[in-house]
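Step one of this worksheet: look at the structure below.
The values are calculated or read from the model by the stated rules, or taken from the named source; none is laboratory data. Since this is a predicted model, take the numbers as computed values, not measurements. Don't worry about glycine lacking a Cβ; one is built from the backbone with ideal geometry, like all the others, and counts go over all protein chains shown. Accessible surface is based on the protein model in full, side chains and every heavy atom, while ligands, DNA and RNA are left aside. Shrake-Rupley method; radii C 1.70, N 1.55, O 1.52, S 1.80 Å.
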Amino acid sequence: MEKLIITTSHKPSKEQLIRAKHLADEYGLIYKNRRHLHTDNIYFVVEKNLTVKVKKDDFEFFFHPSIVKIRMKNYISDKKDYLLSNMNLKGNETVLDLTFGLGSEALLIASQLKDGKLIGLEGAFPIYFVVKESINYYPYKIKWLKETAKKIEILNDNYKRFIRKQKDKSYDIIYCDPMFENPVFESSALNPLRKFAVYDSLEISDIEEMKRVAKEKVIIKAHVKDSIWDKYKFDKIDGSKNSGVFYGVIYLK
């Protein structure tokens, strides 16, 4: 596979140059001076604030907290969020998020983990690299978001492969949000992901592995029209008819 390129924004600071060259060494990328950059492939850019984005022609993808701020505001005001309500976190859990993506739901979950932590998997390297190398550099204006990001560990792996290598009952809760079979294209925050996303369909054997590895519960997120609801009988299905997004819960205790 052709090595990917990393560069900086125009007129970079010394810190940007150091970070770009360090990331090139760490991840086996090719560092190129922005003025000498010529490529038809995607490439990574270290920004002024030291976050990383991926670009190709007019397309770019970068980390941002997405709708997590709105969801948290709503949750604080009326205690209503389908994911958090069904997680029902005590605060000391280890949560495994099998499909990290932009990490907005991971941030929401981790915000409730006072003494716990969240481990997130992302199978697509460009998404993993951008989010992992930006989540702690992002200029958060809200303190709880900045503190929450520190409770998250992100790994680059395919969830189907990863889950089968884990020991029995090694995580308290497992959460899986695979790409919808019926995409909600109104969700503009997710649209940039579609270029790079891993589209492995969720199988019953995957859910059985999740049940083996989790101690307390497994939660699956899917669109109301997705086939998983016909394939598997969940203990509880909860969600919004307006958005069509539902959470299937499997209790293991």
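Condition check ((1) touching a strand residue (DSSP E or B) at 6+ places or on another chain (Cβ under 9 Å); (2) not hydroxyl-bearing (Ser, Thr, Tyr)) across all residues:
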| site | (1), (2) |
| --- | --- |
| Ile6 | yes, yes |
| Arg19 | yes, yes |
| Lys32 | yes, yes |
| Asp57 | no, yes |
| Ser85 | yes, no |
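When segment 70-100 is examined, which residues are found to be part of a loop (DSSP other than H, G, I, E, B) and either polar (S, T, N, Q) or over 18 Å from Ala222 (Cα atoms) (or both)?
Answer for segment 70-100, where residues must be part of a loop (DSSP other than H, G, I, E, B) and either polar (S, T, N, Q) or over 18 Å from Ala222 (Cα atoms) (or both): Lys79, Lys80, Asn88, Leu89, Lys90, Gly91, Asn92, Glu93, Thr99.
Only one of these conditions is not met by Lys160: (1) in contact (Cβ under 8 Å) with a residue 60 or more places away in the chain; (2) part of a helix (DSSP H, G or I); (3) open to solvent by 10 Å² or more (accessible area, probe 1.4 Å); (4) not hydroxyl-bearing (Ser, Thr, Tyr). Which number is it?
Tallying (1) in contact (Cβ under 8 Å) with a residue 60 or more places away in the chain; (2) part of a helix (DSSP H, G or I); (3) open to solvent by 10 Å² or more (accessible area, probe 1.4 Å); (4) not hydroxyl-bearing (Ser, Thr, Tyr), Lys160 fails exactly one: (1).
Give just the number: which of (1) in a helix (DSSP H, G or I); (2) open to solvent by 10 Å² or more (accessible area, probe 1.4 Å); (3) farther than 22 Å from Ile250 by Cα does Lys141 not satisfy?
(1)
Of the numbered conditions (1) touching a residue at least 40 places away in the same chain (Cβ under 8 Å); (2) farther than 24 Å from Lys236 by Cα; (3) open to solvent by 10 Å² or more (accessible area, probe 1.4 Å), Lys117 fails exactly one; give the number of that condition.
With respect to (1) touching a residue at least 40 places away in the same chain (Cβ under 8 Å); (2) farther than 24 Å from Lys236 by Cα; (3) open to solvent by 10 Å² or more (accessible area, probe 1.4 Å), Lys117 is out only on (1).
Quick one: in segment 101-114, which of the residues that are more than 22 Å from Phe162 (Cα to Cα) and assigned to a loop (DSSP other than H, G, I, E, B) is least open to solvent (accessible area, probe 1.4 Å)?
Result: Leu113.
Which one is most open to solvent (accessible area, probe 1.4 Å) among residues in segment 199-253 that are in contact with a Pro (Cβ under 9 Å, 6 or more places away or on another chain) and hydroxyl-bearing (Ser, Thr, Tyr)?
Looking at residues that are in contact with a Pro (Cβ under 9 Å, 6 or more places away or on another chain) and hydroxyl-bearing (Ser, Thr, Tyr), I get Tyr199.
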